[in-house]
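Notes follow once the structure below has been shown.
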Amino acid sequence: MERPAWAPQGIDLTVPSVSRMYDYYLGGSHNFEVDREAARRAIQAWPGLPKIMQANRAFTRRAIDFAVGEGVTQFLDIGSGIPTFGNTHEVAQKAHSGSHVVYVDNDPVAVAHSRAVLEGNDQAAIVSADFRSPQDILYSAETERLLDFGKPVALMLVALLHFIEDKDEPGKAIAEIADSLAPGSLLVVSHSSADEGPKTDGGAGVRDVYRRTSSPLIMRPKEEIRQFFDGFELVEPGLVTLPRWRPDPDTEPASDPVLLSGYAGVGRKAGSAG
C-alpha cells in the first residue's frame with residue numbers, strides 16, 4: 001500500500017485505527033482504505049453509525065459551551081483523534097478567546113495532523129500519550145505550559161472510554177487524573193451502549209468489526225458508565241442519550257432510534273471553584 005505524504009513513518013497501514021475510522025465517519029480525508037473498509041463494515045452492522053458520530057460531535061460542542069458558560073476555559077481532551085471541523089479548540093476559543101486546550105492521543109496520524117493544524121496557535125497543543133498512563137499526560141511539557149491545575153479544567157473523555165477494556169481499569173485512570181483537578185472542574189463523557197437504540201443484535205456485529213481494529217469496542221450499560229463519574233456530581237439532565245443532553249432550543253427532538261445508542265453526561269468535581 002502506498003504511504004500518503006501525511007502519514008508518519010512506522011505506522012501499520014494494514015490495521016484499522018479507530019481514530020482514522022472516526023475521521024472517515026465525519027467525512028475527513030486522513031484515513032486509509034483499511035480504515036474505510038472497516039468503517040463500511042461497521043456501518044453495515046450498525047446502520048446510521050455516522051449519525052451517532054455527528055450527534056457525538058454536537059454533544060461535544062454543547063458541553064464545551066456549557067463549560068465556558070460556567071467559567072471553565074481550560075480543556076484536557078484525551079483521545080481527541082484527528083482534528084476535523086468543530087474540534088475542541090475551535091469551539092472553546094470561539095466561545096472564549098483565552099481558552100487553553102491540550103489534546104492527547106496515541107495514534108501517530110492524529111498526533112501528526114494535530115500538530116499541523118495547531119501550528120501557530122500558542123493556546124493549544126497535542127500530547128502523544130495514552131489515557132492508561134495518566135502521569136505521561138499530567139507531567140508533559142505541553143500540559144504544564146498550558147493548564148493551571150489550581151483552576152478548574154474540563155476533562156474531555158468523549159467517545160474514548162468504550163475503547164478501554166475493564167482490565168485496563170479506566171476508572172482508576174480517571175480517578176488519578178481527577179486527583180489533580182481543582183474543585184469545580186468538569187468531567188465530560190460520552191460512551192456507546194446497546195441499552196437503547198436498535199436492538200437487532202445488541203451491537204454484536206459492530207463489536208465484531210472493532211475487534212479487528214487497534215481497539216475493541218465495549219458497549220457498557222448505563223449504570224457502569226455512571227460509575228465513571230465517581231467523585232463528580234452530574235449536572236442536569238444527568239446521564240442521558242446523546243441528543244437529550246441540553247439540546248439546542250431550536251432543535252427538533254431526536255426521532256431516529258440509532259441516535260440513542262450511547263450516553264452522555266457532564267459531572268462537576270465537588271467543592272468551590274475558587
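The values are calculated or read from the model by the stated rules, or taken from the named source; none is laboratory data. A quick note: this is a predicted structure, and the numbers were derived from the prediction, not measured. Counting neighbours? That spans all protein chains shown, and the Cβs are built from the backbone with ideal geometry, glycine included. These area figures cover heavy atoms from the full protein model, side chains too; ligands, DNA and RNA do not enter into them. Shrake-Rupley method; radii C 1.70, N 1.55, O 1.52, S 1.80 Å.
General observations
- Contact order relative to length of the chain, as percent, for alpha carbon pairs under 8 angstrom and 6 or more apart: 20
- Once the mean of 1/r is taken over each pair of separate Cα atoms and inverted, the range 72-227 shows a Kirkwood hydrodynamic radius of 16.4 Å.
- Longest DSSP-loop-exposure-free segment, chymotrypsin sites (Phe, Trp or Tyr not before Pro), the chain, at most 13 other Cβ within 10 Å: 140-274
- Rounded to 5, percent antiparallel among DSSP beta bridges of the chain: 40
- Per-bin percent of Cα-Cα distances, the chain [10 Å]: 7, 31, 38, 21, 3, 0
- Given charges at beta-carbon only (K, R positive; D, E negative), |dipole| of the chain in Debye: 380
- Applying the Karplus relation 6.51 cos²θ - 1.76 cosθ + 1.60 with θ = phi - 60° to the range 148-153 yields 3J(HN,Hα) values of 9, 6, x, 10, x, 10 Hz, where x marks Gly and Pro.
- The chain - accessible surface per residue (Å², probe 1.4 Å): 44
- Rounded if a/c under 1.5, otherwise prolate or oblate - the range 71-151, Cα gyration tensor axes: oblate
- Portion, in percent, of the accessible area of the chain that falls on carbon or sulfur, probe 1.4 Å: 50
- The range 115-134-the range 160-200 distance, computed between alpha-carbon centres (Å): 20
- Dipole magnitude of the range 47-140 about its Cα centre (Cβ charges: Lys, Arg +1; Asp, Glu -1), debye to nearest 20: 360
- Remark on residue 155: its backbone amide H falls under 5 Å from those of 76, 186, 187, 188, a criterion applied only to residues 5 or more positions apart or on other chains, H modelled at 1.01 Å from N.
- Phi to ³J(HN,Hα) by Karplus 6.51 cos²θ - 1.76 cosθ + 1.60 over the range 218-229, Hz, x for Gly, Pro: 10, 9, 7, x, 4, 5, 5, 5, 4, 5, 5, 8
- Each principal axis of the Cα atoms in the range 126-173 has its own extent, and those three values, largest first, are 31, 19, 18 angstrom.
- Per-residue ellipticity at 222 nm computed for the chain from its helices equals -10000 deg cm²/dmol, with DSSP H segments shorter than 4 residues left out and the rest contributing -39,500 (n - 2.57).
- Paramagnetic reach from residue 224 (point 7 Å along Cα→Cβ, amide N under 20 Å) across the range 31-46: 46
- Working note: Karplus 6.51/-1.76/1.60 with θ = phi - 60° gives the range 261-269 the couplings 8, x, 10, 9, x, 10, x, 10, 5 Hz, where Gly and Pro are set to x.
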